[in-house]
1. What number of residues within the stretch 82-109 satisfy the criterion of being part of a loop (DSSP other than H, G, I, E, B), on the phi < 0 side of the Ramachandran plot and modelled with pLDDT of 75 or more?
2. For residues that are free of Cβ contacts under 8 Å to residues at least 12 places away in the same chain and exposed (fewer than 13 other Cβ atoms within 10 Å of the Cβ), scanning just the stretch 44-59, find the one that is farthest from residue 82 (Cα to Cα).
3. Could you tell me whether residue 183 is surrounded by 10 or more Cβ atoms within 10 Å (Cβ to Cβ), in contact (Cβ under 8 Å) with a residue 40 or more places away in the chain and part of a loop (DSSP other than H, G, I, E, B)?
4. So how many residues does the stretch 25-43 have that are more than 28 Å from the chain's Cα centre (by Cα), surrounded by 13 or more Cβ atoms within 10 Å (Cβ to Cβ) and assigned to a helix (DSSP H, G or I)?
């Protein structure tokens with residue numbers, strides 16, 4: 001006796017080798033391809049066509065597909081063996097695909113006419129935001145490209161800085177402790193002292209104010225008479 005999902009097939013269809021039996025497979029894993037379906041069902045008989053349905057926009061599997069087999073008996077054996085099988089944690093739903101004439105008709109929805117409405121601002125004016133004109137902005141130059149760097153390493157998304165368990169968390173209040181024995185290293189490029197040098201006149205400089213006092217800085221280092229700069 002045939003299973004319940006094959007009762008609509010006639011005896012002439014089962015005996016005819018050239019009849020194509022369309023099998024519907026649902027609850028597929030997202031990584032299963034059409035080749036995987038073809039290889040799986042070919043172990044039960046000759047497969048004429050196998051394909052997984054993909055979304056046209058995201059190019060991602062919709063989780064179901066179809067397989068056409070030439071022999072109805074081989075298709076029934078494949079359905080009985082694969083229906084309910086768990087693949088990657090998902091149970092397959094395998095059955096004979098219903099003909100298009102038996103499927104419920106889709107409801108036709110009348111398309112509403114598109115009416116473009118102007119953007120209404122808070123001040124009552126209509127129109128969108130426009131960036132103010134910048135006269136100093138350079139014009140667009142399509143030939144202006146970054147020069148090629150042969151020593152630049154290619155981008156590697158998997159290259160991440162290794163985790164350091166001993167690294168201390170960032171502390172914005174941390175200040176380096178004062179070291180009285182620290183001496184600035186000698187700078188050979190430093191210009192020698194010139195007693196005749198005078199700073200050029202700055203017309204924007206504020207005049208001297210004898211009443212001005214620098215505000216107190218509690219973090220200022222105390223005076224060290226033993227500190228000497230390197231020559």
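1. 5
2. Across the stretch 44-59, the extreme among qualifying residues is 57.
3. Criteria met by residue 183.
4. Total meeting the criteria: 5.
The values are calculated or read from the model by the stated rules, or taken from the named source; none is laboratory data. From a predicted model like this one, the values you see are computed outputs, not experimental measurements. Cβ coordinates were reconstructed from backbone atoms using ideal geometry, including for glycine residues, and neighbour counts include every protein chain displayed.
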